[in-house]
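First up is the structure itself, then whatever we jot down about it.
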Amino acid sequence: MSSFYSIILVDDDPINNLINKRLLSKLGISPKIEEFLEAEKAIEKIRTLGSDQHTLIFLDINMPVMNGWDFLNQYLIEFKKRKDKIVVLSSSIDFLDRQRAKEFDCVEGFIEKPLTPEKIKSII
């Protein structure tokens, strides 16, 4: 049974995206999983989604050009009324990153890499 219209993985590491996509596919949370190496491309994709197409977004923080914080700021400007679930998925163990993520109303969780079935179940 799928819980979300789609899942979007935003991470500049293609290996992380591949592993996470396979794991999420096995769990059957959504029939549609897309991966983006650039946050700007993920923003472009979200622009094409209908307001009823609720999406689970896994977002890395440390990326070139547009980082995770920039993505969140842009998301709040453009998509404030969307009902997506954004989870920061990062290798950062910095307490300040966790605190900063909590400042964004659109962020529903912060998970340290790697993604595991247990971590996924704890957020959905």
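Starting from region 3-16, keep only residues that are at negative phi, then list their pairs with residues that are of a type in the set (A, V, I, L, M) and part of a strand (DSSP E or B) whose Cβ atoms are within a distance under 6 Å, requiring at least 6 positions of separation or different chains.
PHE4/LEU56; ILE7/ILE33; ILE7/LEU56; ILE8/ILE57; VAL10/LEU59
Across region 75-124, what is the total count of residues that are touching a residue at least 40 places away in the same chain (Cβ under 8 Å), assigned to a loop (DSSP other than H, G, I, E, B) and within 12 Å of the chain's Cα centre (by Cα)?
1
Only one of (1) open to solvent by 30 Å² or more (accessible area, probe 1.4 Å); (2) at pLDDT 95 or above; (3) not in a helix (DSSP H, G or I) is not met by PRO31, so which one is it?
(2)
Tell me whether region 98-105 contains one or more residues that are touching a strand residue (DSSP E or B) at 6+ places or on another chain (Cβ under 6 Å) and within 21 Å of LEU24 (Cα to Cα).
Looking for residues that are touching a strand residue (DSSP E or B) at 6+ places or on another chain (Cβ under 6 Å) and within 21 Å of LEU24 (Cα to Cα), one finds none in region 98-105, hence no.
Inspect all residues belonging to region 56-64 and state whether any of them is assigned to a loop (DSSP other than H, G, I, E, B) and either open to solvent by 70 Å² or more (accessible area, probe 1.4 Å) or out of contact with any Asp or Glu (no Cβ under 8 Å at 6 or more places or on another chain) (or both).
Yes, region 56-64 contains at least one residue that is assigned to a loop (DSSP other than H, G, I, E, B) and either open to solvent by 70 Å² or more (accessible area, probe 1.4 Å) or out of contact with any Asp or Glu (no Cβ under 8 Å at 6 or more places or on another chain) (or both).
What number of residues in region 64-81 are among the charged types (D, E, K, R) and either closer than 19 Å to ASN17 by Cα or modelled with pLDDT of 95 or more (or both)?
Number of matching residues: 2.
The values are calculated or read from the model by the stated rules, or taken from the named source; none is laboratory data. Since we're looking at a predicted model, the values are computed, not measured. We place every Cβ from the backbone using ideal geometry, glycine too, and count neighbours over all the protein chains shown. Side chains are part of the model used for accessible areas, which takes the heavy atoms of the whole protein and leaves out ligands, DNA and RNA. Shrake-Rupley method; radii C 1.70, N 1.55, O 1.52, S 1.80 Å.
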